[in-house]
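The values are calculated or read from the model by the stated rules, or taken from the named source; none is laboratory data. Given the structure is predicted, the values throughout are model-derived calculations rather than measurements. Cβ atoms come from the backbone with ideal geometry, glycine included; neighbour counts cover every protein chain shown. Quick note on the areas: whole protein, heavy atoms, side chains included, nothing else; ligands and nucleic acids left out. Shrake-Rupley method; radii C 1.70, N 1.55, O 1.52, S 1.80 Å.
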Amino acid sequence: FWVVPAVEVKIEVVIPEKERSKEEMSPNGKASPLIYKVNGTARHYHLEEHPIASNPYHNPKDVVEASVCHVKDLENGQMREVDLGCGKALLIKESGEFHAVGHKCPHYGAPLVKGVLSKGRVRCPWHGACFNIGTGDIEDFPGLDSLPRFQVKIEKEKVYIRASKQALQTQRRTKVMAKCISLSNYNLSSTNVLIIGAGAAGLVCAETLRQEGFSDRIVMCTLDRHLPYDRPKLSKSMDSHPEQIALRPKEFFCTYDIEVLTEMQVAAVDVKSKIAVFKDGFKMEYNKLLIATGNTPKTLSCKGKEMENVFNIRTPEDANRVVKLATSKNVVIVGASFLGMEVAAYLAERAHSVSLVELEHVPFKKFFGERVGRAVMKMFENNRVKFYMQTEVSELREQEGKLKEVVLKSGKVLRADVCVVGVGAVPATGFLKQSGINIDSKGFIVVNKMMQTNIPGVFAAGDAVTFPLALRNNKKVNVPHWQMAHMHGRIAALNMLAHGTEISTVPYLWTAMFGKSIRYVGHGEGFDDVVIQGDLDELKFVAFYTKSDEVVAVASMNYDPIVSKVAEVLAAGRTIRKRDVE
């Protein structure tokens, strides 16, 4: 924050278009700015505490009120989906009080009534996002929006809900955010906050700053040609076009003055003079910096790797092109990673053949263990995917400049019209080598619990970092998953504003193949045993990963909401013992 002592600071609070009414506009049609006196100290304004957004029912035609049940219909700790005629709400009773919020998770629309209620929040059964039942605010990720909150009243033993029809229909609420006060006064080559990388970590950082009332310049830069998008969909839903998977529409970035420089690569960072130098020579001065550059996929090292029709899936264009080239053709996928397996599953019914080459003898062995890996492998084989295990690619052969065959070290030759490489990734931190920012032997940026690097004012987040994981006694770990990147971005933003917030979230991830999902919570690295409940052959099971006597991670298939239940137990700081699950 740059603060001039004893001056008036104007912060323009912008309420999303849909929630804004004519009555709230000032005569010139702009949202009325709130004026604060700042006396030489940086203050952070929680904009939601201000009266500007306190009446969500300003348009009587938009309001519906309905009796939804008798007070005795719900016990403490129960949730119920209730219909108000023009939409549904989630009614919750906890500690004798009733609350009503949106019934669908804003991330992918999961029914929250099937989720887990615990200590004032509800956790999504699919991907683990958490919402405060009193405010509807999102408290853990994935997803960007909060739930709408509805008024509850009790009259003559009946429970009534009063709600905005629009909120019932949209089932999501974007938090109130500040705007930049005087963009026109800025020097193009200087910004208060510079965010390198426009994935989940970068976007959540920018949004959190605005939600917390930060009204200075924010610039995000990305190698991508697109605004931030839902990257997990590149391998799970490969036909998606960039605009279909955009995390926010273009107008959002304009409304909240979050500038995004696309196709811009930072080549070096000078931390002493606080300058980022771009590949094209452009220089940008910053006050606070977030590095959220993610990973770079590893490529093959064999002959023919540069050939046409050999892909690492990095962009929506890559994914779309692979689907087009693979339709009714022969596909070879190298690496039974999450990406490799999801791509194989997606292409199985579209391609003529799908072959998967992997060094291990079972897919996912290091992550899910041998027994779960075998069950997943069987599901793939039942869907016409052929595995070539314990071997690797020795050569890619062409015909007329295009891929024709993949030759394995075992001697086997596979017909191939397209090849997808999913053999892991390395952190995209090469440009920081001379910067003085602390990087470990594997290339990961080392941060503390506040996402701070060893350089003051420089933060890092997402797939490129190692951070202390509370769940595993603050062991420094790398958790390259979507939910965690969101949380890293939020924590970094709060600490740019000097909140002193430490990360304590529990890792939660999922993978989707053939319409089935495996959900996973915890950090199972180094597990020494797996306790399985249920039936692996039927793909209806829970796997508890243990290290000595402690459960360190849990995976499930067709067993919701067990993983979200475990997430709540772990988030409360409780330990699950091996004997409890055997």
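Considering only DSSP beta bridges with both partners in the chain, what is the antiparallel share in %, to the nearest 5?
Bridges in the chain are about 75 percent antiparallel.
222 nm [θ] for the chain, helices only, -39500 (n - 2.57) per DSSP H run of 4+, per residue, to 500? Before the final figure, lay out each step's value.
Working: 11 runs with 94 residues, N = 582.
My calculation for the chain gives -4500 deg cm²/dmol from helical runs alone.
Residue-wise, which Karplus ³J(HN,Hα) couplings in Hz belong to the stretch 297-308, taking 6.51 cos²θ - 1.76 cosθ + 1.60, θ = phi - 60°, and x for glycine or proline?
x, 6, 10, 6, 10, 8, 5, x, 5, 7, 4, 4
Grab the Cα-Cα distance for residue 153 and residue 580, subtract it from 0.36 nm times how many residues apart they are, and report the gain in nm with one decimal.
Details: separation 427, 0.36 × 427 = 153.72 nm, distance 4.15 nm.
Length gained between residue 153 and residue 580: 149.6 nm.
Along Cα→Cβ, 7 Å out, is where each label goes; now give me the distance between the ones at residue 86 and residue 412 in nm to one decimal.
6.0
Calculate how many DSSP beta bridges within the stretch 310-423 are antiparallel, expressed in % of all such bridges and rounded to the nearest 5.
Numbers: 10 of 26 bridges.
Of those bridges, close to 40 percent are antiparallel.
To the nearest µm²/s, what D does Stokes-Einstein give for the chain at 4 °C and 1.567 mPa s, using the Kirkwood radius over alpha carbon pairs as Rh?
Working: Rh = 25.8 Å.
In µm²/s, the coefficient is 50.
Identify all aspartates and glutamates with a Cα-Cα distance to residue 386 below 15 Å; exclude those on the same chain that are fewer than 8 residues away in sequence.
342, 349, 358, 360
Give the residue list of GluC sites (Glu not before Pro) in the stretch 276-384 that are DSSP loop and have at most 15 other beta-carbon atoms within 10 angstrom.
Numbers: sites: 285, 306, 308, 317, 342, 349, 358, 360, 370, 381; in loops: 306, 349, 360.
Sparse-neighbourhood loop GluC sites (Glu not before Pro): 306, 349, 360.
Subtracting the Cα-Cα distance from 0.36 nm times the residue separation, let me have the gained length for residue 254 to residue 63 in nm, one decimal. Walk me through the intermediate numbers first.
On the way: separation 191, 0.36 × 191 = 68.76 nm, distance 2.98 nm.
Working it through step by step, the gained length comes to 65.8 nm.
Using mean Cβ contacts within 10 Å as the protection proxy, how do 66-72, 485-491 order, highest first?
Working: 66-72: 14.0, 485-491: 28.3.
Averaged packing, sorted descending, gives the order 485-491, 66-72.
Whole-Hz Karplus ³J(HN,Hα) for the stretch 532-547, in order, using 6.51 cos²θ - 1.76 cosθ + 1.60 and θ = phi - 60°, x for Gly and Pro?
Using θ = phi - 60°, the values come out as 10, 10, x, 10, 5, 5, 7, 6, 10, 7, 10, 10, 9, 9, 10, 10 Hz.
As a test question: what accessible area, to the nearest 10 Å², does residue 235 have when a 1.4 Å probe is rolled over all protein chains in place?
Ignoring ligands and nucleic acids, residue 235 comes out at about 10 Å².
Amide H of residue 69 versus every other amide H placed in the peptide plane: which residues, excluding those fewer than 5 positions away on the same chain, fall under 5 Å?
Result for residue 69 returns 159.
Which of the GluC sites (Glu not before Pro) across the stretch 389-457 are loop residues per DSSP, with 12 or fewer other Cβ within 10 Å? Please report the intermediate quantities before stating the final value.
Values: sites: 392, 395, 398, 400, 405; in loops: 392, 400.
Sites meeting the loop and neighbour criteria: 400.
Please compute the modelled spin-label separation between residue 318 and residue 162, points set 7 Å along Cα→Cβ, answer in nm with one decimal.
Result: 5.3 nm between the two label points.
Once all Cα-Cα distances of the stretch 165-265 are split into 5 Å bins that start at 0, what whole-number percent is in each one?
Calculated P(r), rounded to whole percents: 2, 12, 20, 22, 19, 12, 7, 3, 1.
Report, to the nearest whole %, how much of the accessible area of the chain belongs to carbon and sulfur atoms, 1.4 Å probe, protein only. Spell out each step's value before the answer.
Numbers: 12250 of 25920 Å².
Roughly 47 percent of what the probe reaches on the chain is carbon or sulfur.
For the chain, report the accessible area per residue in Å² (1.4 Å probe, heavy atoms, rounded to an integer). Working shown, then result.
Details: 25920 Å² over 582 residues.
Per residue, the chain has 45 Å² of solvent-accessible surface.
Which aspartates and glutamates have a Cα less than 14 Å from the Cα of residue 114, not counting those fewer than 8 places away in the same chain?
Straight-distance partners of residue 114: 81, 560.
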